[in-house]
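Enquirer: Dumping the structure here so I can ask a few things about it.
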Amino acid sequence: MNNALILIIEDEPEIAEIIGTYLSREGFRVVTAGDGTVGLAHHQRLRPDLVVLDIKLPGQDGYEVLATIRRRGDTPVIMVTALAEDLDKLQALRIGADDYVVKPFNPLEVVARVKAVLRRTIARDTGQMLRVGPLTIDPQAYRVEVESADGAVTLGLTRTEFRILAFMALRIGRVFERSELVDACLPEGEALDRTVDSHVSNLRRKLAAAGADGMLVGVRGVGYRLDNAHGQ
């Protein structure tokens, strides 16, 4: 992981240099771009392992850059920006950001966030197909299918909903505390227990609509459990 290539797209040279210096000290390879257009060109040519992305950029802004990266694939992206409003954060996460750091920041925190996101990505990329009751979970394609009498139904899950489901499927029947789900599945900028409840509620609704009602169970005062609906 420490040899990973990190692309920093940031128009303030001092900030780009600080982030790059701290990442380099940890053994990461670093390349920088001062605007969105150059950043996207670097992303396409170099295929970095992770992108650190500002929002306010010359030319294409960070939201446009993020949307283009998401159309290309699943490269992890951490937003590092002075925009601290919840709406800005939610928009970035909705488009597909993996994490969100607000300026001013501690460079060591950015390094820690980079390592955490890369750990999750490595776990996803090396994951095998999971089958739980009527569910087939593909960690590499971020796809979940529910088998029914009428055939397979593909669930339209957000990245965080997928992470929660895949994480719980690795230990079927175990009760997970909310704090465990926060640490393992949620971007640090979104890490609140009540946010977990919201994601789980949406996930339960989507499972029920696809014919897998009752698989994701709330355990009062503790957290959540994924049950094998078919008892296999």
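The values are calculated or read from the model by the stated rules, or taken from the named source; none is laboratory data. Note that the structure is a prediction, hence the values are computed from the model and not measured. Virtual Cβ from ideal backbone geometry, glycine too; neighbours counted across all protein chains shown. Just the protein is used for accessible areas: all its heavy atoms, side chains included, with ligands, DNA and RNA removed. Shrake-Rupley method; radii C 1.70, N 1.55, O 1.52, S 1.80 Å.
Enquirer: Can you list residues whose amide H is under 5 Å from residue 30's amide H, if they're 5+ apart or on another chain and H is modeled 1.01 Å from N?
Expert: Sorted by chain and number, the residues that satisfy this are 6.
Enquirer: Please compute the length gained on full extension between residue 45 and residue 94, using 0.36 nm multiplied by the number of residues separating them and subtracting their Cα-Cα distance. Before the final figure, lay out the partial values.
Expert: On the way: separation 49, 0.36 × 49 = 17.64 nm, distance 2.58 nm.
Full extension of this stretch gives 15.1 nm more.
Enquirer: Using only alpha-carbon positions, what ratio does the radius of gyration of the chain give when scaled by 2.2 N^0.38 Å?
Expert: Against the compact-globule rule of thumb, the ratio is 1.07.
Enquirer: What's the long-distance tail for the stretch 4-68, i.e. % of Cα pairs beyond 18 Å?
Expert: 27
Enquirer: What are the ³J(HN,Hα) values, in whole Hz, obtained from phi via the Karplus relation 6.51 cos²θ - 1.76 cosθ + 1.60 with θ = phi - 60°, for each residue of the stretch 143-155 in sequence order, with x given for Gly and Pro?
Expert: Per-residue couplings from phi come out as 10, 10, 10, 10, 7, 9, 4, 9, x, 8, 10, 8, 7 Hz.
Enquirer: Quickly rank 84-90, 164-170 as a protection proxy: mean count of other C-beta atoms within 10 Å, highest first.
Expert: Order by mean packing, descending: 164-170, 84-90.
Enquirer: If the chain between residue 29 and residue 82 were fully stretched, how many nm would it gain, using 0.36 nm times the residue separation less the Cα-Cα distance?
Expert: Value of the extension gain: 16.6 nm.
Enquirer: What number, in percent, do you get for the relative contact order of the chain if the mean sequence gap of Cα pairs under 8 Å and at least 6 apart is divided by its residue count?
Expert: 13
Enquirer: Starting at the first residue of the stretch 40-52, write each ³J(HN,Hα) from the Karplus equation 6.51 cos²θ - 1.76 cosθ + 1.60 with θ = phi - 60°, in whole Hz, x for Gly and Pro.
Expert: Rounded to whole hertz, the list is 5, 5, 4, 4, 5, 7, 9, 6, x, 7, 7, 10, 9.
Enquirer: Now a separate question. Enter the accessible area per residue of the stretch 5-125 (Å², integer; probe 1.4 Å; all protein chains in place).
Expert: So the stretch 5-125 comes to 46 Å² accessible per residue, rounded to a whole number.
Enquirer: Enter the Cα centre distance for the pair the stretch 194-227 and the stretch 141-162, rounded to the nearest angstrom.
Expert: When both Cα centres are located, 15 Å separates them.
Enquirer: Still on this structure: Taking only protein heavy atoms and a 1.4 Å probe, what accessible area per residue, in Å², does the stretch 130-226 have with all protein chains in place?
Expert: Working: 4620 Å² over 97 residues.
With the other protein chains kept in place, the stretch 130-226 gives 48 Å² per residue.
Enquirer: Would you compute, from DSSP H runs of 4+ residues alone, the mean residue ellipticity of the chain at 222 nm, taking -39500 (n - 2.57) per run and dividing by the full residue count, rounded to the nearest 500?
Expert: The helix-only estimate for the chain comes to -13500 deg cm²/dmol at 222 nm.
Enquirer: Also, I was wondering about something else. Taking H as built 1.01 Å from N, whose amide H comes closer than 5 Å to the amide H of residue 52, not counting residues under 5 places away?
Expert: 7, 8, 9, 78
Enquirer: Once you place label points 7 Å from the Cα toward the Cβ at residue 3 and residue 174, how far apart are they in nm?
Expert: 3.1
Enquirer: Name the residue, out of 94, 25, 220, whose mean-square fluctuation peaks in a Gaussian network model built on the chain with Cα pairs under 10 Å.
Expert: Maximum among the listed residues: 220.
Enquirer: Follow-up. What is the spread of the Cα atoms of the stretch 132-231 along each of their three principal axes, largest first, in whole Å?
Expert: 38, 27, 21
Enquirer: Using a basic spin-label model with each label point 7 Å from the Cα along Cα→Cβ, how many nm lie between residue 21 and residue 37?
Expert: 3.1
Enquirer: Against the longest principal axis of the chain, how steep is helix 86-95, in degrees 0 to 90 to the nearest 10, with axes from Cα atoms?
Expert: It works out to around 70 degrees.
Enquirer: Output wanted: per-residue J couplings in Hz (rounded whole) for the stretch 158-168, from phi through Karplus 6.51 cos²θ - 1.76 cosθ + 1.60, θ = phi - 60°, x for Gly and Pro.
Expert: After applying 6.51 cos²θ - 1.76 cosθ + 1.60, I find 6, 4, 5, 4, 4, 4, 4, 5, 5, 5, 5 Hz.
Enquirer: Ignoring any ligand, DNA or RNA, what whole percent of the accessible area of the stretch 5-125 comes from carbon and sulfur when the probe is 1.4 angstrom?
Expert: 51
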